[in-house]
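Shown next, in structure tokens, is the structure this report addresses.
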Amino acid sequence: MARLFGTDGVRGVAGRDLTAQLAMDLAVAAAHVLGDAGAFAATGRRPVAVVGRDPRASGEFLEAAVVAGLAASGVDVLRLGVLPTPAVAHLTAALGADLGVMLSASHNPAPDNGIKFLARGGFKLSDAVEDEIERRLGEEWTFPVGSGVGRVRDAYGEANRYIDHVLTTMNAALDGLDIVVDCAHGAAHMVAPEALVRAGARVEAIGARPDGLNINAGHGSTHLEKLQQVVVSRGADLGVAYDGDADRCLAIDHTGAVIDGDHIMAILAAAMHGEGLLAKDTVVATVMSNLGFKLAMRDAGITVVETAVGDRYVLERMKSDGFNLGGEQSGHVIMLDHATTGDGLLTSLHLLGVVAKSGVPLKELASVMTPLPQILINVKGVDKGKAAEPDLLAAVAEAEAELGETGRVLIRPSGTEPMIRVMVEAASEEHATQVAERLADVVRKVCA
């Protein structure tokens, strides 16, 4: 039986894969695993949960189901309303909650939704804790009655606590910066423009009118075309874009060029390194980060530590080894001194802070790294369990020798599909394409 939890919570089409019943059952199981309701009985205090969501229409019924499951299990619930995932993570810690719940499918289209659980302190769960929640789904429980049931109250005003927090982390005002912000018709549509204005920027917000069905539709970090158009036509200094739950951020410079997560990490790492704020002179990235990023960091005297793909693995390495900056090419950037998860608003504020403090345009700052051409081929319909076959490993070794220090190869089985991803970087796009296509042919033959 397939694992219910994926790389970022439980996700699926709301009403079909992710039903109200499943949401309630997950909340009950999480209450007992994370809230440990029985242990609190002896102390006379009920566990407390905070619950937030993005603006998807399905979030309304899923929120009701989650709240019902928690309260029925003896957990007091603070309903935060529509807020970014990192805001819910921050408030889980700031309000001393025993667990947090976020209802969102991030950058996915509106019919999808998801449930993410957060432990005390606002951190994502380990695989082991998620497995325990899944194992206890549908267990027979003795539910509390009378005064033992959880109480529910609205705490929508706590959004201000989150805005205040991200603003206090800045060391430069954004006075004079003219920016465009794309909120993806998502969870950041209110807090992001307000925070940016309070930081001193002149702000034009787009993608800031959610109707429950338009989240990520033609807007946000996965659809940058509208933001590029508005930045250039307005003559703005730059633009920033979030995804549906605002845990990631990408940027656009004044010419309309995309500044991805690797560029953003390089800019932040260089700035923090220069100020003596980069822990152990190290940044954590995944194996998918561009080789150009790693070469730029080497030249700047900064060590790059690699992890598997997924911001949770970046965070685990940061916590275990005492690093304070890490992230992904997709725009998940974790600043562990200020947040427990990727935070698009926090990232954008610090990126803008570097621009404002240095007086250097974003385009010039981004030139700290030169990305190598990167070709990705998804070879579908193959046996991904054969990704370590000797013939394929030999072909990879031959390609790596051919590329030398000016390129690299990554062969990665998909986590969810019968597919193997072939990624090649080289000094030229033509060379990268040739090598990638050659390796893809080997995958088709060897992994059939």
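The values are calculated or read from the model by the stated rules, or taken from the named source; none is laboratory data. The shown structure was predicted, so the numbers you read here are calculated from the model rather than taken from an experiment. A quick note on method: Cβ atoms are made from the backbone with ideal geometry, for glycine too, and the neighbour counts reach across all protein chains shown. Note: areas computed on protein heavy atoms with side chains; ligands, DNA, RNA excluded. Shrake-Rupley method; radii C 1.70, N 1.55, O 1.52, S 1.80 Å.
Restricting segment 201-219 to residues that are in a loop (DSSP other than H, G, I, E, B) and out of contact with any His (no Cβ under 7 Å at 6 or more places or on another chain) leaves a set whose member that is surrounded by the most Cβ atoms within 10 Å (Cβ to Cβ) is Ala201.
Taken as a whole, the condition of being under 12 Å from the mean Cα position of the chain (by Cα) and of a type outside the set (Val, Ile, Thr) applies to Leu345. Here is the figure for segment 370-397: residues that are among the small types (Gly, Ala, Ser), free of Cβ contacts under 8 Å to residues at least 40 places away in the same chain and not in a helix (DSSP H, G or I) total 2. Considering segment 34-60, the residues that are under 21 Å from Asp131 (Cα atoms) and open to solvent by 40 Å² or more (accessible area, probe 1.4 Å) include one that is modelled with the lowest pLDDT, namely Gly38.
Each row is one residue, and each column tells you yes or no for (1) touching a residue at least 60 places away in the same chain (Cβ under 8 Å); (2) in contact with a helix residue (DSSP H, G or I) (Cβ under 7 Å, 6 or more places away or on another chain); (3) on the phi > 0 side of the Ramachandran plot; (4) open to solvent by less than 40 Å² (accessible area, probe 1.4 Å).
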| site | (1), (2), (3), (4) |
| --- | --- |
| Pro84 | yes, yes, no, yes |
| Leu91 | yes, yes, no, yes |
| Met102 | yes, yes, no, yes |
| Asn108 | yes, no, no, yes |
| Phe117 | yes, yes, no, yes |
| Gly121 | yes, yes, yes, yes |
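The residue that is nearest to Asn290 (Cα to Cα), counting only those in segment 410-448 that are in a strand (DSSP E or B) and open to solvent by 20 Å² or more (accessible area, probe 1.4 Å), is Leu410. Checked against (1) in a helix (DSSP H, G or I); (2) surrounded by 18 or more Cβ atoms within 10 Å (Cβ to Cβ); (3) acidic (Asp, Glu), Asp247 passes all but condition (1). From the list Asp98, Asp182, Asp154, the lone residue that is open to solvent by less than 20 Å² (accessible area, probe 1.4 Å), touching a strand residue (DSSP E or B) at 6+ places or on another chain (Cβ under 8 Å) and closer than 20 Å to Val50 by Cβ is Asp98. Selection of segment 398-427 for residues being closer than 18 Å to Pro371 by Cβ, free of Cβ contacts under 8 Å to residues at least 60 places away in the same chain and acidic (Asp, Glu) yields only Glu405.
Hey, any hits in segment 112-133 for a residue that's assigned to a helix (DSSP H, G or I), of a type in the set (Gly, Ala, Ser) and over 18 Å from the mean Cα position of the chain (by Cα)? Scanning segment 112-133, I find at least one residue that is assigned to a helix (DSSP H, G or I), of a type in the set (Gly, Ala, Ser) and over 18 Å from the mean Cα position of the chain (by Cα), so the answer is yes. Checking each residue of segment 307-322 against the condition of being within 21 Å of His350 (Cβ to Cβ), part of a helix (DSSP H, G or I) and touching a helix residue (DSSP H, G or I) at 6+ places or on another chain (Cβ under 7 Å) gives no match. Might you let me know whether segment 282-295 holds any residue that is farther than 22 Å from Gly220 by Cα, surrounded by fewer than 20 Cβ atoms within 10 Å (Cβ to Cβ) and hydroxyl-bearing (Ser, Thr, Tyr)? No - not one qualifying residue is present in segment 282-295. Restricting attention to segment 41-95, the residues that are small (Gly, Ala, Ser) and under 24 Å from Glu194 (Cα atoms) total 8. For the condition touching a residue at least 40 places away in the same chain (Cβ under 8 Å), open to solvent by 30 Å² or more (accessible area, probe 1.4 Å) and at negative phi, Ala257 qualifies. Of all residues in segment 334-351, those being among the acidic types (Asp, Glu) and under 16 Å from Ala199 (Cβ atoms) number 1. Taking segment 185-194 as the range and being crowded, with 24+ Cβ neighbours inside 10 Å, part of a loop (DSSP other than H, G, I, E, B) and aliphatic (A, V, I, L, M) as the test, the residues that pass are Ala187, Ala188.
Evaluating Ala279 against the criteria (1) touching a residue at least 60 places away in the same chain (Cβ under 8 Å); (2) touching a Gly at 6+ places or on another chain (Cβ under 7 Å) leaves one unmet condition, (1). Annotation for segment 410-426: at least one member residue is touching a helix residue (DSSP H, G or I) at 6+ places or on another chain (Cβ under 7 Å) and charged (D, E, K, R).
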